[in-house]
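Participant: This is the structure I want to talk about, given as structure tokens.
The numbers here are math on the coordinates, done by the rules we state, and not lab data. Worth saying up front: this structure is predicted, and the values here are computed from it rather than measured. Neighbour counts run over all protein chains shown; Cβ positions are idealised from the backbone, glycine included.
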Amino acid sequence: MLMKGTNDFSPTYSAWFGKPVVLLVVIRQCHVPMSCSIVGESFADVRIRIRPGWEMDVRKELIVAVKEDVLTADSIVN
């Protein structure tokens, strides 16, 4: 059964699927960067994978920005 308005869903985060990104999320008035990859999207949530086997849903209203994670092997400090 389709609910009224469900046909209006337009995926905003689909361009980022499977890519390493950093989400800037607001939690209790603090901006928190989260390194992850986006694996899915619903009307109200974005499904992210923090590491293999660790996935969670983040409310879209809490996401302030998305940026590609350009961390390279040369920029990692041992």
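Participant: Could you pull out every residue, at least 5 positions away or on a different chain, whose amide H is within less than 5 Å of the one on ASP69? Hs are placed 1.01 Å off N in the peptide plane, and Pro or chain starts have none.
Facilitator: For ASP69, the qualifying residues are VAL21, VAL22.
Participant: Continuing with the same structure: ³J(HN,Hα) across region 16-26 via Karplus (A = 6.51, B = -1.76, C = 1.60, θ = phi - 60°), whole Hz, x for Gly/Pro?
Facilitator: 9, 4, x, 9, x, 9, 10, 8, 9, 10, 9
Participant: In region 12-55, which chymotrypsin sites (Phe, Trp or Tyr not before Pro) are in a loop and have at most 13 other Cβ atoms within 10 Å, using DSSP for the loop call?
Facilitator: Working: sites: TYR13, TRP16, PHE17, PHE43, TRP54; in loops: TYR13, PHE43.
Those satisfying the criteria are PHE43.
Participant: Would you tally the net charge around MET56, using a Cβ to Cβ cut-off of less than 14 Å, leaving MET56 out, and scoring K and R as +1, D and E as -1? Display every interim value, and only then the final one.
Facilitator: On the way: positive: ARG47, ARG49, ARG51, ARG59, LYS60; negative: GLU41, ASP45, GLU55, ASP57.
Computed value for this residue: +1.
Participant: From the phi angles alone, apply the Karplus equation (6.51, -1.76, 1.60; θ = phi - 60°) to region 35-43 and give each ³J(HN,Hα) in whole Hz, x where the residue is Gly or Pro.
Facilitator: Once rounded to whole Hz, the list reads 7, 6, 10, 8, 10, x, 8, 10, 4.
Participant: May I ask for the net charge around GLU41, where only other residues with Cβ less than 14 Å from the Cβ of GLU41 are counted and Lys, Arg are +1 while Asp, Glu are -1?
Facilitator: Details: positive: LYS19, ARG47, ARG49, ARG59, LYS60; negative: ASP45, GLU55, ASP57, GLU61.
Counting the neighbours of GLU41, the net charge comes to +1.
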